Amino acid sequence: MSAPASAAPAAPPADGTPAAPGAPGARPAGYRPEIQGLRAVAVLLVAAYHIWFGRVSGGVDVFLLLTGFLITGSLVRGAERDGAVRFVPFLTRLVRRLVPPAAVVLGAVLAASAVWLPASQWQEVADQTVAAALYHENWRLALNAVDYMERDGAVSPLQHFWSLSIQGQFYLVWAVLIALAAAAARLLGAPVRAAAAAALAAVFAASLAYSVHATAADQAWAYFDTGARLWEFALGGLLALALPLLRLPAGPRAALGWAGLAGLVLCGALVDVSTLFPGYIALWPTGAAVLVVLGGGSGRAWGADALLGGRVLTWVGDHAYALYLWHWPVLVCYREISGSELPGVLGGLLVLAVSAALAALTKALVQDGTTALGRVRGGRAWPLAVAAVALVPVLAAASMWSAGLEEQRQRRQDLATDQIAYPGARALVDPRIDAAKPDVPVLPAPADAKDDQNQAFQDGCHAGLDDAEAIVCEYGSASPARTIALVGASRTAHWFPALMGAAENNDWKVVSLTKSGCQFSTDPPTRDGRPFPECERWREGAMDHLERLRPDAVLTSSTRATSAGERVHPGFVERWRQLDALGIEVVGIRDLPRLDYSGAECVEENGPAECVSPESFSHAPSDPAPQVSGIPDNVHLIDLTEYVCPSGRCPAVIGNVLVYWDHSHLTATYSATLALMLEARLKSATGW
């Protein structure tokens, strides 16, 4: 998937401002209020765009730049003063300020999810809690972003922790980088700032080049990739090192501040940040933030820095970290409770008010509280003890919840072997079976549906979106009477359990050869409207394997059904001709209808009776494949739609079994109940 706004909240502001000595309201020397105001504007833009527009604003990039600005300045000043980076004090300060508030929010999200979110999201929330607490949430989301089977997943209340994870990784990398720069400066007799600037310039150039390349190649992955974001930290660091050398007149500085502020506000409105960033286009918000920082301290009453340094915005800036942490889970819970995707004006204001209130409490009781206790207790071990006390219970609760959910899932999975209680498609062909089935819970349960994958998926035999290699797995008899290869995209792959059932009844071998999003065709493949070279290479590999294997038949999709209609692509027919030249029979199975709802989600929210989609939503009135001219003689066409959408209606549950786990893919459990029907159609079509 591309990184949609609802699925990829912007990053939080870095809480890297040095702690002020004395009272909590005191400010350190050199404090610049306009930077707090800039943080305030960025977090308000992030929240407003999430709440009212369902998209992202570019505030993520401002926060990453400011993190680089603040942390680089702090590390370089420390290295100049001490001759080296003092890792332990640096990391303990960060732990004290960042971990306790995050742990409080993670614990609250666990509790709120159990109350307000559907059970189908509990496992993901538990697992993401662990990932967020251990600062690798961005990589978890990156893997899901390129996983075709995860792309329509529900929005998690913890997705916004992806950027905190990137920042946590940045802190470690940056401390080492500045330490190496300081060591190099000592060896060369050069200033620490010069060595640090050279190191940051190299990181900026390398990371920006990689970001541009990665964004063009796979934007969904690049969005969460730490390497594609490091240049933004580096730009902030270079600004911190260069700022003392710049002497701009007051008038131009004030003008630069307004130009930067206007550019920042307009970015999210004019650019679809979620589908284009973080490549070179991210220079827009980061460049705007640079202008705002350069415009600071103008001393002009009409300057942007005067607005940003005002009491209201600096208060918001002081609470920006906590506000960011709270606004996303509050919004997700509001959506679930209210049933509306985007709040209206009043609903959005309620979300913002609740988030601000929770942020104020978190800042006063947790952030400021741990800081005050740290002054009383003293010692470097204190922040680590606080972090452990905060995080360990959260990690323990999430891990125990996850383990319990997995145990329940396994028990439910064992029930699926009861063919009387769960006949699935068999209930459509035998009224006695339908009448005998008891009133039992649906299987797979909606909470398990996403994980109800067939054996080939579990064995790693299905190529993902980014895989170019054709993965071949063989199942069944070592000396088979027949060999049949299942070849095509994921909507061909979901027939695997049915085909395996037919194979076991007839001593056939099954060869699995499938890839997400890649039709077994000769038409130029595309992915999200762009060329799809991985699919092209996979097709070449698949044909090479088929030429060597020479199976008796290839089972593949004969049509493609979408919300725009059903058709037979010319490339399908051309591919069948190529198989004909190899002496391989083709069994073309009609693509199943897509639903106008998501199977598991609808059943969980509304119950099975309310979840029925018309076959006509994506299907033609009759199978279009037999009407196509030029189909070679090796092709046999079959259609099992009646066992999924009886009488033109596609129910979510048949024979107590959930039919689709999303809007277009069969559950493995239901597919297995189609074995006898598929076997009969295969034998009738091929004469086997």
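The values are calculated or read from the model by the stated rules, or taken from the named source; none is laboratory data. Keep in mind it's a predicted model, so treat the numbers as computed, not measured. With ideal geometry, Cβ positions are generated from the backbone for all residues, glycine too; neighbour counts draw on all protein chains shown. Accessible surface areas use protein heavy atoms only, side chains included; no ligands, DNA or RNA. Shrake-Rupley method; radii C 1.70, N 1.55, O 1.52, S 1.80 Å.
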A careful count of residues in segment 231-266 that are of a type in the set (Gly, Ala, Ser) and in contact with an Asp or Glu (Cβ under 6 Å, 6 or more places away or on another chain) gives 1
Every residue in segment 405-454 that is of a type in the set (A, V, I, L, M), assigned to a helix (DSSP H, G or I) and at pLDDT 90 or above, please. Leu405, Ala427, Leu428, Val429
Okay, helices (runs of 4 or more DSSP H) sitting entirely in segment 267-313 with 2 or more residues that are over 28 Å from Arg530 (Cβ atoms) and either open to solvent by less than 30 Å² (accessible area, probe 1.4 Å) or touching an Asp or Glu at 6+ places or on another chain (Cβ under 7 Å) (or both), I get 283-294, 304-308
In segment 520-529, what residues are out of contact with any His (no Cβ under 7 Å at 6 or more places or on another chain), surrounded by fewer than 24 Cβ atoms within 10 Å (Cβ to Cβ) and either closer than 13 Å to Asp467 by Cβ or not charged (D, E, K, R) (or both)? Thr522, Pro524, Pro525, Thr526, Arg527, Gly529
Mind checking whether some residue in segment 218-228 is within 30 Å of Cys535 (Cβ to Cβ), part of a helix (DSSP H, G or I), open to solvent by 20 Å² or more (accessible area, probe 1.4 Å) and at pLDDT below 95? yes
Test: residue in segment 669-680 that is free of Cβ contacts under 8 Å to residues at least 60 places away in the same chain and charged (D, E, K, R): no
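Conditions (1) at pLDDT 95 or above; (2) closer than 19 Å to Lys515 by Cα, marked per residue:
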position	(1), (2)
Asp544	yes, yes
Thr562	no, yes
Glu585	yes, no
Pro608	no, no
Val628	no, no
Val635	yes, no
Cys645	yes, no
Being of a type in the set (D, E, K, R), closer than 21 Å to Cys650 by Cα and open to solvent by 30 Å² or more (accessible area, probe 1.4 Å) is the filter here, so list the residues in segment 431-454 that pass it. Asp434, Lys437, Asp439, Lys450
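The rows are residues; the columns are (1) among the acidic types (Asp, Glu); (2) open to solvent by less than 20 Å² (accessible area, probe 1.4 Å); (3) over 28 Å from the mean Cα position of the chain (by Cα).
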site: Arg81; (1), (2), (3): no, no, yes
site: Phe90; (1), (2), (3): no, yes, yes
site: His136; (1), (2), (3): no, no, no
site: Trp162; (1), (2), (3): no, yes, no
site: Gln167; (1), (2), (3): no, yes, no
site: Ala175; (1), (2), (3): no, yes, yes
Just to verify a result, which residue in segment 621-661, among those that are touching a Pro at 6+ places or on another chain (Cβ under 9 Å) and of a type in the set (S, T, N, Q), is nearest to Glu566 (Cα to Cα)? Thr641
How many residues, within segment 476-490, are surrounded by fewer than 21 Cβ atoms within 10 Å (Cβ to Cβ) and not polar (S, T, N, Q)? 5
Starting from segment 462-485, keep only residues that are in contact (Cβ under 8 Å) with a residue 24 or more places away in the chain and of a type in the set (Ser, Thr, Tyr), then list their pairs with residues that are in a loop (DSSP other than H, G, I, E, B) and crowded, with 20+ Cβ neighbours inside 10 Å whose Cβ atoms are within a distance under 7 Å, requiring at least 6 positions of separation or different chains. Thr483/Pro551
Six or more apart or on different chains, Cβ atoms under 8 Å: show the pairs whose first residue is in segment 498-518 and within 17 Å of Gln453 (Cα to Cα) and open to solvent by 10 Å² or more (accessible area, probe 1.4 Å) and whose second is hydroxyl-bearing (Ser, Thr, Tyr) and part of a strand (DSSP E or B). Met500/Tyr475
Among the candidates Leu143, Leu158, single out the residue that is within 30 Å of Pro118 (Cβ to Cβ), surrounded by fewer than 16 Cβ atoms within 10 Å (Cβ to Cβ) and touching a Phe, Trp or Tyr at 6+ places or on another chain (Cβ under 9 Å). Leu143
Being buried (at least 17 other Cβ atoms within 10 Å of the Cβ) and at positive phi is the filter here; which residues of segment 530-560 pass it? none
In segment 394-404, is there at least one residue being open to solvent by less than 60 Å² (accessible area, probe 1.4 Å), part of a helix (DSSP H, G or I) and at pLDDT below 90? no
Within the bounds of segment 630-649, is there any residue that is among the β-branched types (Val, Ile, Thr), in contact with a strand residue (DSSP E or B) (Cβ under 7 Å, 6 or more places away or on another chain) and over 23 Å from Val554 (Cβ atoms)? no
Looking at (1) within 24 Å of Lys437 (Cα to Cα); (2) of a type outside the set (Asp, Glu); (3) at pLDDT below 95, which is the only condition His663 fails? (1)
For segment 562-572, give me each residue that is touching a helix residue (DSSP H, G or I) at 6+ places or on another chain (Cβ under 8 Å) and open to solvent by less than 60 Å² (accessible area, probe 1.4 Å). Val568
Given (1) assigned to a helix (DSSP H, G or I); (2) open to solvent by 10 Å² or more (accessible area, probe 1.4 Å); (3) over 29 Å from Trp122 (Cα atoms), index of the condition Phe457 fails: (3)
First in segment 412-434 and in contact (Cβ under 8 Å) with a residue 12 or more places away in the chain and of a type in the set (Lys, Arg), second anywhere and in a helix (DSSP H, G or I) and open to solvent by 30 Å² or more (accessible area, probe 1.4 Å), Cβ under 7 Å, 6 or more apart: Arg426/Ile433
Given the residues Ala214, Ala206, which is the only one that is part of a helix (DSSP H, G or I), within 18 Å of the chain's Cα centre (by Cα), of a type in the set (A, V, I, L, M, F, W, C) and farther than 21 Å from Leu91 by Cα? Ala214
So, in segment 506-519, exactly how many residues are farther than 13 Å from Leu465 by Cβ and either in contact with a helix residue (DSSP H, G or I) (Cβ under 6 Å, 6 or more places away or on another chain) or among the hydroxyl-bearing types (Ser, Thr, Tyr) (or both)? 3
Every residue in segment 243-266 that is part of a helix (DSSP H, G or I), farther than 19 Å from Leu307 by Cβ and without any contact (Cβ under 8 Å) to a residue 40 or more places away in the chain, please. Pro244, Leu245
